[in-house]
Amino acid sequence: MHRTPHIVSDVMTQTVVSVGRQAPFKELVQLMQDWQVSALPVVEGEGRVVGVVSEADLLRREEARDGGPDRCTQPRRIADPAKAGAVTAEALMTSPALTTRPGATLAEAARTMARAQVKRLPVVDELGLLQGVVSRADLLKVFLRGDEEIAEEVRREVVSRLFPPPSSVLRVDVREGVVKLVGRIRDTALVPVAARLVRAVEGVVDVEVELSADRPEEASGAGRP
């Protein structure tokens with residue numbers, strides 16, 4: 001049975017390459033190339049994350065190589081002169097590291113990435129020890145869920161709770177992640193609630209609602225106690 005919402009531990013990569021504080025510049029470049037990653041967690045002790053080195057951090061050295069006066073315009077500015085001359089992970093890294101927890105929802109992790117404009121987040125436990133890494137691509141894995149799997153969760157978690165039979169007759173159709181709710185219900189005031197809950201199901205791309213009142217007088221509130 002799937003949980004809604006899914007959490008970071010469901011999609012994170014557990015096999016992670018990390019480096020120590022004294023890892024040299026060229027080793028960092030080589031590891032990023034070998035592992036096809038854009039950032040490396042920097043750890044100490046038994047795996048406590050103390051920072052992150054990204055491709056952007058490494059590129060500051062290359063930027064500094066061309067940091068002399070531009071022949072056509074003004075002298076270039078180096079974003080961080082201290083990092084431009086750095087040769088170890090400790091000097092290059094961003095610290096403290098921006099991290100997430102295994103139990104964080106995918107939405108929470110996505111918001112953290114978006115706000116910080118990063119592509120990957122180290123996943124740490126309550127002691128700050130590295131447990132894995134979650135990337136943008138990992139967060140998109142939920143959209144690989146099959147249509148029938150999504151439909152079953154919508155029926156179980158939303159329809160059966162908001163619109164139990166026999167008072168409502170409702171069909172759930174899913175195609176390419178787009179959920180369509182079709183049928184007749186007793187209380188149309190619940191339609192916005194249903195749409196919001198369906199959108200919260202992992203893997204749902206969009207929601208279409210074609211629900212009408214079983215009895216017009218009940219839809220308008222007439223005849224209610």
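The values are calculated or read from the model by the stated rules, or taken from the named source; none is laboratory data. Because the structure is predicted, anything quoted here is derived from the model rather than measured. No Cβ is skipped: glycine too gets one built from the backbone with ideal geometry, and neighbour counts run over all protein chains shown. Just the protein is used for accessible areas: all its heavy atoms, side chains included, with ligands, DNA and RNA removed. Shrake-Rupley method; radii C 1.70, N 1.55, O 1.52, S 1.80 Å.
Once the range 20-38 is narrowed to residues that are within 16 Å of A97 (Cβ to Cβ) and modelled with pLDDT under 95, the residue that is surrounded by the most Cβ atoms within 10 Å (Cβ to Cβ) is V37. Checking L140, L127, L106, L98 one by one, the residue that is open to solvent by 40 Å² or more (accessible area, probe 1.4 Å), more than 30 Å from F25 (Cα to Cα) and of a type in the set (A, V, I, L, M, F, W, C) is L140 and no other. Pairs only if they're at least six apart or on different chains, beta carbon under 7 angstrom, first in the range 20-32 and within 9 Å of V42 (Cβ to Cβ), second open to solvent by 30 Å² or more (accessible area, probe 1.4 Å) and part of a helix (DSSP H, G or I); list them, first residue then second. Once the first residue is within 9 Å of V42 (Cβ to Cβ) and sits in the range 20-32, its partners that are open to solvent by 30 Å² or more (accessible area, probe 1.4 Å) and part of a helix (DSSP H, G or I) give R21/E90.
Restricting attention to the range 46-63, the residues that are buried (at least 18 other Cβ atoms within 10 Å of the Cβ) and modelled with pLDDT under 90 total 1. Evaluated against (1) touching a residue at least 12 places away in the same chain (Cβ under 8 Å); (2) within 27 Å of I7 (Cα to Cα), L170 falls short on exactly one condition, (2). The single condition among (1) open to solvent by 60 Å² or more (accessible area, probe 1.4 Å); (2) outside any loop (DSSP other than H, G, I, E, B); (3) without any contact (Cβ under 8 Å) to a residue 40 or more places away in the chain that L197 does not satisfy is (3). Residues of the range 111-124 that are in contact with a helix residue (DSSP H, G or I) (Cβ under 9 Å, 6 or more places away or on another chain) and either of a type in the set (S, T, N, Q) or surrounded by fewer than 17 Cβ atoms within 10 Å (Cβ to Cβ) (or both): K119 alone.
Of everything in the range 178-189 that is in contact with a helix residue (DSSP H, G or I) (Cβ under 8 Å, 6 or more places away or on another chain) and either among the aromatic types (F, W, Y) or at pLDDT 95 or above (or both), the residue that is surrounded by the most Cβ atoms within 10 Å (Cβ to Cβ) is V179. Across the range 203-216, a minimum of one residue is classified as over 30 Å from V42 (Cα atoms) and free of Cβ contacts under 8 Å to residues at least 12 places away in the same chain. Screening T15 with (1) part of a loop (DSSP other than H, G, I, E, B); (2) surrounded by 13 or more Cβ atoms within 10 Å (Cβ to Cβ); (3) polar (S, T, N, Q) gives one miss only, at (2).
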